[in-house]
Amino acid sequence: MLVIQGKGVSAGVAVGPLYFYRRAAQEIIRRIVGDTDAEWKRFEEASAVAAHQLGILAEKAREEAGDEAALLFETHQMMAEDMDFVDAVQGLIRDAALNAEAAVMDVSEQFAEMFSSMDDEYMQARAADIRDVAGRIVGILTGVVSGGIDSDVPVILASDDLAPSETIQMDKSKILGFITAGGSGSSHTAILARTMGIPAIIGVGDALKDEFEGRKLYIDGETGEIVIQADQLTAERMLTKQAKQQETRRMLSNLKGLPNETKDGQSIQIYCNIGSVEDVDAVIANDGGGIGLFRSEFLYLQGNTYPTEEEQFEAYRTVASLMKGKRVIIRTLDIGADKQADYFGLAKEENPAMGLRAIRICLSRPEIFKTQLRALYRASAYGKVAILFPMITSEWEVRECKRACLAVQQELKTEGIPFDPDTELGIMIETPAAVMMSDVLAELVDFFSVGTNDLTQYMLACDRQCDRLGKFFDPHHPAVLRAIRTVAENAHKAGKWIGICGELAADPTLTEAFLAMGIDELSVTPGSVLPLRHAIRNMDDPKARKRALKDLLEG
């Protein structure tokens, strides 16, 4: 038996085979082949598999988000089967005796450059499509499956860490749990695991060896314990804990439909954070009161070019419709810092967390912002949509955002496209500047949403992605909690409501303090809704809540 100790960041016990996440090779090895017929057959088979995969993805996209969303995959499917493309690859394989991988990449670059040089913007955008299709075919040729998981059974997925663009493309049904070599409690892998309600462990370094792949693992996302080849006693201990957790979930399910109200009558809304349309199922299953944070940037991370207005509209409309009148707060594009998309062409920055990101990109590239705002307002006709602007630091930024919203409303009105003119506008409080200006900012918006992950980072000057900082990155720091209290007071003075959408919202050690502050809404991972409801419904002493807040503020 081998025991490896990491840091648990998403509770729960999982049992299953270990599987290492595989990325496509960054560099294709060029070689001369002896049997060009066999090499051509390799390409034909890989191309057919790619076209089949893209057809399946198109149908999945159509079911989940409509015809417009399916169009991208159908276009890619046609490209994989395009005779000009196929003939060019065949020529390099048969005439130059080039291996299939190198032939595909050479031809794709030729086609991509041809599209890029055209005057028409639509045709220029096809360059990224060609490269994406080529990457899929090369992945099949090299044995690397799109999405990173080639397994017929669910697995415990191990990796160094996962980028947001990688997590969005994974087949979530095949993941029992996560283990990462690095990462932090606020990394996207950890956030994804908590959203999915599955165990996750970070910080194991190089303890997991290649030869362990396929072996049965027991992992505990609460303690950070990983056990390989468990003895009978350890296996029974882990399985017993897993059974108790499942029983607790069944018990909590009895709370569905009940209010989030203390015994002495104080109420609070409990909403959910999501990153995709697919996450809505978990929100509904866990009885979330609404969606407090829809991270729209994942729509931008899952492709190789900007999502169109129609693609965004379908996603937002679908979520709004599925939530049946419950509030859906959609955060505008939050690209930058640790969430990068190559096609944005952002310059390399010394300190990207402080650079061009989020609302700064939107206000610097108004055409991108306008496309998203049009999609958001169009979706507002199908449910209770609210728009949330991230990374706000000043009054002028809010006024510019509102000016852009008014311009879009006027356009839609002229075009006869329905929308809700009373769509709520809010800002994220995640910078010290926003905290200090919250009394002024409250007069300009309908609500605040506190992003405690970034707020902690900026208040304490600690990179939230750096796991080496340890106790220096302290979300419970009195400065962070005092900032939240200040913002809550200023919001309520202006008659506005305030929510918390960062990781602290689900921290049970702070629930009493948040109630004492008068926080109106907590937005958490779907699996945290019922445990929070249970804790709130068992509180009965407002004086105890005030004492808890006082102790935390004093440190």
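The values are calculated or read from the model by the stated rules, or taken from the named source; none is laboratory data. Fair warning: this is a prediction, and the values are worked out from it, not measured in the lab. With ideal geometry, Cβ positions are generated from the backbone for all residues, glycine too; neighbour counts draw on all protein chains shown.
Summary of values
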{"item": "Residue in the range 526-546 that is under 26 Å from Trp396 (Cβ atoms), crowded, with 19+ Cβ neighbours inside 10 Å and not assigned by TED's automatic domain parsing to the domain that holds Asp160 present", "result": "no"}
{"item": "Set Glu74, Glu59, Glu44: member being modelled with pLDDT of 90 or more and among the charged types (D, E, K, R)", "result": "Glu44"}
{"item": "Tabulated pairs, the range 43-68, first surrounded by fewer than 18 Cβ atoms within 10 Å (Cβ to Cβ), second modelled with pLDDT under 75 and small (Gly, Ala, Ser), C-beta under 6 angstrom, 6+ apart or interchain", "result": "Arg62/Ala70"}
{"item": "Close pairs (8 angstrom Cβ cut-off, 6 or more residues apart or separate chains): within 17 Å of Gln229 (Cβ to Cβ) in the range 3-24, among the small types (Gly, Ala, Ser) and surrounded by 19 or more Cβ atoms within 10 Å (Cβ to Cβ) anywhere", "result": "Gln5/Gly224; Val13/Gly221; Ala14/Gly177; Ala14/Gly221; Gly16/Gly177; Leu18/Ala158; Tyr19/Ala158"}
{"item": "Flag for Glu261 being surrounded by fewer than 19 Cβ atoms within 10 Å (Cβ to Cβ), outside the structural domain of Ser184 (by TED's automatic domain parsing) and either closer than 28 Å to Val450 by Cβ or in contact with a helix residue (DSSP H, G or I) (Cβ under 6 Å, 6 or more places away or on another chain) (or both)", "result": "yes"}
{"item": "Residue in the range 501-520 that is modelled with the lowest pLDDT, counting only those that are surrounded by fewer than 24 Cβ atoms within 10 Å (Cβ to Cβ) and touching a strand residue (DSSP E or B) at 6+ places or on another chain (Cβ under 7 Å)", "result": "Ala506"}
{"item": "Breaking point among (1) in a loop (DSSP other than H, G, I, E, B); (2) in contact with a strand residue (DSSP E or B) (Cβ under 9 Å, 6 or more places away or on another chain), for Gly257", "result": "(2)"}
{"item": "Residues of the range 168-202 that turn out to be in contact with a helix residue (DSSP H, G or I) (Cβ under 8 Å, 6 or more places away or on another chain) and modelled with pLDDT of 90 or more, as a count", "result": "7"}
{"item": "Within the range 215-246, considering residues that are closer than 22 Å to Thr195 by Cβ and of a type in the set (S, T, N, Q), the one surrounded by the fewest Cβ atoms within 10 Å (Cβ to Cβ)", "result": "Gln246"}
{"item": "Wholly within the range 414-502, strands (runs of 3 or more DSSP E) carrying at least 1 residues that are under 29 Å from Leu162 (Cα atoms) and aromatic (Phe, Trp, Tyr)", "result": "none"}
{"item": "Residue in the range 413-423 that is under 26 Å from the mean Cα position of the chain (by Cα) and assigned by TED's automatic domain parsing to the domain that holds Ala506 present", "result": "yes"}
{"item": "Pairs, first under 14 Å from Gly265 (Cα atoms) in the range 540-555, second in a helix (DSSP H, G or I), C-beta under 8 Å, six or more apart", "result": "Pro542/Ala516; Arg545/Glu512; Arg545/Ala513; Arg545/Leu515; Arg545/Ala516"}
{"item": "Residue in the range 473-497 that is farthest from Ser449 (Cα to Cα), counting only those that are aliphatic (A, V, I, L, M) and without any contact (Cβ under 8 Å) to a residue 60 or more places away in the chain", "result": "Ala479"}
{"item": "Test: residue in the range 238-249 that is outside the structural domain of Asp540 (by TED's automatic domain parsing) and in contact with a helix residue (DSSP H, G or I) (Cβ under 7 Å, 6 or more places away or on another chain)", "result": "no"}
